[in-house]
Amino acid sequence: MATVIASSARRRGRAGELASHAVLLAFIAATIYPIFFLLNVSAKSRLQFETSPLAVEVPRGLYSYVVAWGVLYHSMLNTVIITVVSLVGLLVTASATAYIFARYSFPGKELLWYGLLGLLIIPGILTIVPLLVLIVHMHLVNTLWAAILPYIAGGQAFAIFVMRTFFAGLPEELFESARLDGAGHADLILRLVIPLSAPILVVVGMLHVLSAWNDIAWPLLVLNNEDVRTLALELLQFQ
């Protein structure tokens, strides 16, 4: 009797597991199919798209990609330059500042820290006008620096806050051992803090890349010249 009950329980368990897997596979298919459909449609020839736009067919070429690249390659290059340079500038400056806040004491530290936290509650829309006036007075309009410098400055508060919290949680014993071995400030940052903080640096970097790559409001104000347009602006014009 016990054997029959155990066998029945195992069958019910396998049935439940199969049902769970089937539901998960359905969700995966529903998530992946639209992406596959878009890629398939984007690679179709003009004739294929006009005759059977919804059918899944083997693409006959990459005509659409060739045309799009010819239109968008320069703006994409501008976007890559702006994103990469601002990312490197943000990570270098924010990590150095966060390290100082996390590992050292100095007069006015708490006041500066609370002032930095106060910047987080200021809506970005309130800074657009004074920032635009500053960029105009610096004669940076229609240059890539008009986007790079504000992106570096605008991401400082959040990046420093997140990194400082992470840096403060690193064991002090590691720093003491490194100092006993003769490590200076640069060695502590480059050989100890940065390797141990790779996950948080990646998170901050990803958030910055998404923000800078997709931004359209600020480039629309300062990058009006066709030579310095970002990809978002070029897609708007292309549409």
The number of residues in the range 204-224 that are within 23 Å of residue 139 (Cβ to Cβ), open to solvent by less than 70 Å² (accessible area, probe 1.4 Å) and either in contact with an Asp or Glu (Cβ under 9 Å, 6 or more places away or on another chain) or not hydrophobic (A, V, I, L, M, F, W, C) (or both) is 2
Considering the range 79-104, residues that are in contact with a Phe, Trp or Tyr (Cβ under 6 Å, 6 or more places away or on another chain), within 25 Å of residue 115 (Cβ to Cβ) and not aromatic (Phe, Trp, Tyr), and then whichever is modelled with the highest pLDDT, we arrive at 86
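Suppose we keep only residues that are of a type outside the set (A, V, I, L, M) and open to solvent by less than 60 Å² (accessible area, probe 1.4 Å) within the range 60-88. Which one would you say is farthest from residue 231 (Cα to Cα)?
Step one: filter the range 60-88 for residues of a type outside the set (A, V, I, L, M), giving 60-61, 63-65, 69-70, 73-75, 78-79, 83, 86.
Next, from what is left, pick out any that are open to solvent by less than 60 Å² (accessible area, probe 1.4 Å): 61, 64, 70, 75, 78-79, 83, 86.
Values: 61: 24, 64: 17, 70: 13, 75: 5, 78: 8, 79: 6, 83: 11, 86: 16 Å.
Checking each candidate, the answer is 61.
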So, first residue closer than 12 Å to residue 54 by Cβ and open to solvent by less than 80 Å² (accessible area, probe 1.4 Å) in the range 23-41, second residue assigned to a helix (DSSP H, G or I) and at pLDDT below 85, Cβ within less than 7 Å, six or more apart or across chains; the pairs are 41/49
Taking the range 62-103 and keeping residues more than 21 Å from the chain's Cα centre (by Cα), of a type in the set (Val, Ile, Thr) and within 16 Å of residue 157 (Cβ to Cβ) leaves 100
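With the condition kept exactly as written, say whether any residue in the range 177-185 is at pLDDT below 90 and either in contact with a strand residue (DSSP E or B) (Cβ under 7 Å, 6 or more places away or on another chain) or under 24 Å from residue 116 (Cα atoms) (or both). Before the answer, list the steps.
From the range 177-185, those at pLDDT below 90 are 177-185; that's our starting set.
Among the residues that remain, those that are also either in contact with a strand residue (DSSP E or B) (Cβ under 7 Å, 6 or more places away or on another chain) or under 24 Å from residue 116 (Cα atoms) (or both) are: 185.
Scanning the range 177-185, I find at least one residue that is at pLDDT below 90 and either in contact with a strand residue (DSSP E or B) (Cβ under 7 Å, 6 or more places away or on another chain) or under 24 Å from residue 116 (Cα atoms) (or both), so the answer is yes.
The values are calculated or read from the model by the stated rules, or taken from the named source; none is laboratory data. This structure is a prediction, so every number in the text was calculated from the model and none was measured. When we count neighbours, we look across all protein chains shown, and the Cβ atoms used for this are built from the backbone with ideal geometry, even at glycine. Accessible surface is based on the protein model in full, side chains and every heavy atom, while ligands, DNA and RNA are left aside. Shrake-Rupley method; radii C 1.70, N 1.55, O 1.52, S 1.80 Å.
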